[in-house]
Amino acid sequence: MEPIIDMRSDTVTRPTPEMRDAMARAAVGDDVAGDDPSVNELESRASALFGKEAALFVPSGTMGNLLGILAQTAPGDEILTHQENHIYYYEGGGYAAVAGCSVRFVDDQDAPKRGVMTPDGLDRALRGCDIHFPRSRLLSIENTHNRAGGLVWPEDMRRELCDAAHQRGLRVHLDGARLWNASVASGIPIHELVEGCDSISVCLSKGLGCPVGSLLVSDRETIQIARHKRKMIGGGMRQAGVLAAAAIHALEHHHIDRLSEDHRRAKLLAEELTKLPIFDFDPELVETNLVYARLSREALEAQGDAFAWQDLLDERGVRCYAESRTTLRFVTHLDLSDELVTLVPERVAGVMH
Ligand code: TLP
């Protein structure tokens, strides 16, 4: 069925013609030798935007998170995080396989929103200093929180948690793959959203529409260690300015501001989907560009679980991911339009006829 509407992720976007032009024209050099002017420019722009001392261009968000861990822990250390956080859930266990760390979960039982952690939750997880225990070293938070539905952390709670973590001797890493979305949705500038975070990984290849790339942002010393570790794990790239130029183009051409369009379309889609008996979720939970759409009991009984629904929708030209047995995820992004998004509910409804 034409056109195919690909809502699997905001990673599926292709660079715009203008972005490709900027990439073709990029000034480049050998970035491993520190010679690539475009990468150097991107890194210094990022550190200014985030209000931190330094930044490092890396191939992926997964590598940004892994380097955040590698630069701030030693093998045997423990990372504290929520059980639904990407760093634990989706990164192939890199924290263990490469960094030699273990993970201990901080629950969200007294938090107003899923995936949000509190100082009390942190205290329930921390076991203190004792020769029997691993050294608790790093707290990792995620904003926006992917598996909690793209939610934006309540800023006061984030700051409170960062303070509590520091008082307990932990460093704080922020997985800000979609921090741009958090900033646009909350109206809070990026540099404020990262106050109290010791390192931040942010993706360029999601909402901003770049083909490749993420940044790790931190203090000079941590970035220096991360630069060394990046080379160690094979992430040193040569004429990477071709890629950095895409990001500079995105920053200069309103690819951040336009995320409000993605958020508006996600909300609209959620409202339309919940008018169908196929879904059972609250559209109010949609705060940014991710729509976690829980299937109704009726839909599950009629056609099978979310994985079966994913295949059925695929046949109808709507691509999305099943995130669990009951829930489909639809993501809005740069390559969609109002026209395409409004086609989705009727195609979904067609599955039941
Ligand atoms: N997330 C992808 C999948 O891995 C699930 C997606 O489509 O959402 N942190 C967060 C919060 C992420 O959502 C992702 C990607 C990453 C890190 C990793 O980024 P990449 O894919 O660049 O390694």
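The values are calculated or read from the model by the stated rules, or taken from the named source; none is laboratory data. Please read all numbers here as calculations on a predicted model, not as lab measurements. Here the Cβ is made from the backbone with ideal geometry for all residues, glycine too, and neighbour counts use every protein chain on show. Protein only, heavy atoms only, side chains kept; ligands, DNA and RNA dropped before computing areas. Shrake-Rupley method; radii C 1.70, N 1.55, O 1.52, S 1.80 Å.
Among (1) part of a helix (DSSP H, G or I); (2) within 16 Å of the ligand (Cβ to nearest atom); (3) open to solvent by 40 Å² or more (accessible area, probe 1.4 Å), which single condition is residue 335 missing?
Every condition holds for residue 335 apart from (1).
Are there any pairs with C-beta distances below 7 angstrom linking a residue in region 55-68 that is without any contact (Cβ under 8 Å) to a residue 60 or more places away in the chain and farther than 10 Å from residue 202 by Cα to a residue that is among the polar types (S, T, N, Q) and within 9 Å of the ligand (Cβ to nearest atom), with the two at least 6 apart or on different chains, and if so which?
none
Just to be sure I understand the filter: pairs with C-beta atoms under 9 Å, separated by 6 or more residues or on different chains, first member in region 165-181 and farther than 29 Å from residue 207 by Cα and more than 10 Å from the ligand (Cβ to nearest atom), second member hydroxyl-bearing (Ser, Thr, Tyr) and open to solvent by 10 Å² or more (accessible area, probe 1.4 Å). Which pairs pass?
168/136; 169/136; 170/136
Among the residues that make up region 73-93, is at least one of them in contact (Cβ under 8 Å) with a residue 60 or more places away in the chain, surrounded by fewer than 23 Cβ atoms within 10 Å (Cβ to Cβ), over 27 Å from residue 211 (Cβ atoms) and under 20 Å from the mean Cα position of the chain (by Cα)?
Taking every residue of region 73-93 in turn, at least one turns out to be in contact (Cβ under 8 Å) with a residue 60 or more places away in the chain, surrounded by fewer than 23 Cβ atoms within 10 Å (Cβ to Cβ), over 27 Å from residue 211 (Cβ atoms) and under 20 Å from the mean Cα position of the chain (by Cα).
Kindly list, by first and then second residue, each pair from a residue in region 9-36 that is not assigned by TED's automatic domain parsing to the domain that holds residue 262 to a residue that is of a type in the set (Ser, Thr, Tyr), limited to pairs with Cβ atoms under 8 Å and residues at least 6 apart or on different chains.
Within 8 Å, the pairs are 9/321; 10/332; 11/205; 26/38; 27/38; 28/38.
Can you say whether residue 28 is open to solvent by 50 Å² or more (accessible area, probe 1.4 Å), modelled with pLDDT of 95 or more and touching a Ser or Thr at 6+ places or on another chain (Cβ under 8 Å), as far as the supplied structure shows?
Values: open to solvent by 50 Å² or more (accessible area, probe 1.4 Å): yes; modelled with pLDDT of 95 or more: yes; touching a Ser or Thr at 6+ places or on another chain (Cβ under 8 Å): yes.
Yes.
Residue-by-condition table, conditions (1) at pLDDT below 95; (2) crowded, with 23+ Cβ neighbours inside 10 Å; (3) outside the structural domain of residue 66 (by TED's automatic domain parsing); (4) not charged (D, E, K, R):
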| position | (1), (2), (3), (4) |
| --- | --- |
| 143 | no, yes, no, yes |
| 155 | no, no, no, no |
| 166 | no, no, no, yes |
| 171 | no, no, no, no |
| 217 | no, yes, no, yes |
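Could you say which residue among 318, 331 is among the β-branched types (Val, Ile, Thr), closer than 24 Å to residue 205 by Cα and under 19 Å from the mean Cα position of the chain (by Cα)?
On the way: 318 fails: under 19 Å from the mean Cα position of the chain (by Cα).
Exactly one of 318, 331 is among the β-branched types (Val, Ile, Thr), closer than 24 Å to residue 205 by Cα and under 19 Å from the mean Cα position of the chain (by Cα), namely 331.
How many residues, within region 7-19, are more than 12 Å from the ligand (Cβ to nearest atom) and within 24 Å of the chain's Cα centre (by Cα)? Lay out the reasoning, then the answer.
Of the residues in region 7-19, the ones more than 12 Å from the ligand (Cβ to nearest atom) are 14-19.
The next check asks that each one be within 24 Å of the chain's Cα centre (by Cα); those that pass are 14-16, 19.
Matching residues across region 7-19 total 4.
Could you check how many residues of region 108-141 are in a loop (DSSP other than H, G, I, E, B) and open to solvent by less than 50 Å² (accessible area, probe 1.4 Å)?
Within region 108-141, the first condition is being in a loop (DSSP other than H, G, I, E, B), and the residues that meet it are 108-118, 126-135.
From the residues that got through so far, the ones that are open to solvent by less than 50 Å² (accessible area, probe 1.4 Å) too are 108, 111, 115-118, 126, 128, 134.
Looking only at that region, the number is 9.
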